[in-house]
Structure formats: structure tokens, C-alpha cells
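Chemist: Handing you a structure now.
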Amino acid sequence: MTILMKELTLDKVAIGPVAVRVYEGSANTADAPVLVFFHGGAFTGTLPERSIFSETAAQAGAIVVLPDYNAPLGGVFPKPLETGFSIFSRLAQKRAGLGNRKSKLLVGGVEAGANVAAAVALKARDHYADELDGQILLSPLLDPYMASASMREAEALGMRECWSEGWSHYLSGGVCHPYAAPCTCSRLSGVAPALVLTSGDDPLRDETLGYAAALKAAGVDVHQHVLPAGTGWPSIYGAKSDDTASWQASAARQFTDFVDSLGIQ
């Protein structure tokens, strides 16, 4: 399937217009799922030139909306969350011309973007619970203490200093609300079903699986998958990797199966 990409400005968003890039497969149906996908970059990243997972999800049949979410208000908490939730809220109102009212509405992200997606899902539970159908969390960056055992691998992949500086930036407003570090949230029940992906050689593996376990314990439907080491998965958020990226087919299957499961709930 050919992937079509276009640059748009999403209007009528509560915080003001937001630049977005939309990925869509040429053979998508009118009611294709809509995924708002937040890019990584350790809380300081700008809209990337390429988003491989956005292309992968579009190839699997989704309409992917990739917003420049740090640009409108800045990258210090809670501003990215405010931007992200405003975008979700706008799309919850008849999908803003993307898909239709039958389209499943999902939020997702990778690394810092997955942190924002998880926070949007938490906030959506209390404001638009019936509108958010699922969340896609790819190696979410959730623990500002960076204390997990797998985090020891971050130095070798060139990410420890990057993440440490990223957390300092994100929390520089002086607030560490559970929405800023969702792994500290004590009330997870009622959030949207989650697809959680990591890999065997991912420094974020332990906090990813820890959050998945906490969601399950709260009664949330969780689909999780650990890709084998050597698939180049850590490169999805910019880590150094000598492995050729070979995770796309597996991630696409996981995404498709997850979306299909939402249709039968």
C-alpha cells in the first residue's frame, strides 16, 4: 500500500492552531482508525523528518496524526500535555475531517511521546472516557528517577545523559504531578485499553513492563509484547544501534491485532 503524507494545520484546537503531519494509506477505508501519535526526543524533540512507526501504522490501515506538540506552548510540563489533550479533544469532535465517527480514536507515542500519550489517556478518562478507544505506548519514558535495572543499558546506547537532561527540562516548572510521571499514578482504573511494546535490549524495558503490570492490576485491558533483542528497536527513539531495524512487521501485527480487539469489546 502506498503511504500518503501531508502537512496540515489543525484548527479549532483549544490552545490554538497546531502543525501536524498526517500519514495515511492509499487503500484506507473511510472509517480507518485515527491515531494521534506523539514523537520522542527526551521531552525536547521537534517534529522529526521521519517517523517510522507512523509509516508502519499507516501501512497497517491507520490514519496517523503526528503533531508538533512541543511547539505551541513549549516542552515543560504541563504544556505538552495541555497541547496533546487539546488535540485529542478536537479529534474527539467528529474527528476533524480525519476518518469518521465510526473510526476508532487512539493516542500513542514513543519514549517521551508515550509519556504524553499515557497522560492524555489518564486525563481523557475523566473528560472524554467514551471517546478514547485505546492507547499505544512504545517504550514509554515514565520514571524520572531512572532507577530500573534495565536502565543500566542506557549508557551504552548513548541515552542516559539525554534522558537525564530531558527529565530536568520537562520538570523544570517545579511540578512532578502523576500526569508528568504516569508510573507514579495511584489511580489507573478506567483508562483506555493499552498496547505496550518494548524489546529485550531496551533500557526502558523495565519501566514499560512495570506500567503494563500496574494497568493490568487496575483492571485495564493490556496487550504487551517484548520484541527480541537485535531488531534495532531502540533506534525508534534515537538510541545508537548496530542492528538493522527489523521490528516493523511484528509491530504492525501487534497494532492490527490490538485495533481488531477493540472492535469486539
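The values are calculated or read from the model by the stated rules, or taken from the named source; none is laboratory data. Here the structure is a predicted model, which is why all the values come from computation and not from measurement. All Cβ positions, glycine included, derive from the backbone under ideal geometry; neighbour counts span all protein chains shown.
Chemist: Inspect all residues belonging to the range 84-99 and state whether any of them is crowded, with 19+ Cβ neighbours inside 10 Å, over 23 Å from residue 248 (Cβ atoms), in contact with a helix residue (DSSP H, G or I) (Cβ under 6 Å, 6 or more places away or on another chain) and of a type in the set (Gly, Ala, Ser).
Modeler: Yes, the conditions are met somewhere in the range 84-99.
Chemist: Would you call residue 114 under 27 Å from residue 76 (Cβ atoms) and at pLDDT 95 or above?
Modeler: yes
Chemist: Considering only residues that are assigned to a loop (DSSP other than H, G, I, E, B), β-branched (Val, Ile, Thr) and either touching a Leu at 6+ places or on another chain (Cβ under 7 Å) or closer than 22 Å to residue 170 by Cα (or both), which ones fall in the range 9-30?
Modeler: If the condition is that a residue be assigned to a loop (DSSP other than H, G, I, E, B), β-branched (Val, Ile, Thr) and either touching a Leu at 6+ places or on another chain (Cβ under 7 Å) or closer than 22 Å to residue 170 by Cα (or both), then 15 is the only one that fits.
Chemist: Moving to a separate point now. For the range 204-259, give me the residue count where each residue is in contact with a strand residue (DSSP E or B) (Cβ under 8 Å, 6 or more places away or on another chain) and in a helix (DSSP H, G or I).
Modeler: The total comes to 18.
Residues checked against (1) within 23 Å of residue 218 (Cβ to Cβ); (2) surrounded by fewer than 23 Cβ atoms within 10 Å (Cβ to Cβ):
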{"position": "139", "(1), (2)": "yes, no"}
{"position": "142", "(1), (2)": "yes, no"}
{"position": "152", "(1), (2)": "no, yes"}
{"position": "155", "(1), (2)": "no, yes"}
{"position": "158", "(1), (2)": "no, yes"}
{"position": "169", "(1), (2)": "no, yes"}
{"position": "172", "(1), (2)": "no, yes"}
{"position": "188", "(1), (2)": "yes, yes"}
{"position": "198", "(1), (2)": "yes, no"}
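Chemist: I would also like to ask the following. Quick one: what pairs do we get from the range 96-109, first residue on the phi < 0 side of the Ramachandran plot and among the charged types (D, E, K, R), second surrounded by 21 or more Cβ atoms within 10 Å (Cβ to Cβ) and part of a strand (DSSP E or B), C-beta under 8 Å, 6+ apart or different chains?
Modeler: Correct list of pairs: 104/34; 104/134.
Yes/no matrix, rows are residues, columns are (1) touching a residue at least 24 places away in the same chain (Cβ under 8 Å); (2) within 17 Å of residue 115 (Cβ to Cβ); (3) β-branched (Val, Ile, Thr); (4) touching a Ser or Thr at 6+ places or on another chain (Cβ under 8 Å):
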{"position": "141", "(1), (2), (3), (4)": "yes, yes, no, no"}
{"position": "153", "(1), (2), (3), (4)": "yes, no, no, no"}
{"position": "161", "(1), (2), (3), (4)": "no, no, no, no"}
{"position": "166", "(1), (2), (3), (4)": "yes, yes, no, yes"}
{"position": "172", "(1), (2), (3), (4)": "yes, yes, no, no"}
{"position": "188", "(1), (2), (3), (4)": "yes, yes, no, no"}
{"position": "193", "(1), (2), (3), (4)": "yes, no, no, yes"}
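One line per residue, one yes/no per condition, for (1) within 16 Å of residue 6 (Cα to Cα); (2) not in a loop (DSSP other than H, G, I, E, B):
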| site | (1), (2) |
| --- | --- |
| 32 | no, no |
| 42 | no, no |
| 46 | no, no |
| 50 | yes, no |
| 54 | yes, yes |
| 57 | yes, yes |
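Chemist: Which numbered condition in (1) out of contact with any strand residue (DSSP E or B) (no Cβ under 9 Å at 6 or more places or on another chain); (2) within 20 Å of residue 66 (Cα to Cα); (3) not charged (D, E, K, R) is the only one that residue 147 fails?
Modeler: (2)
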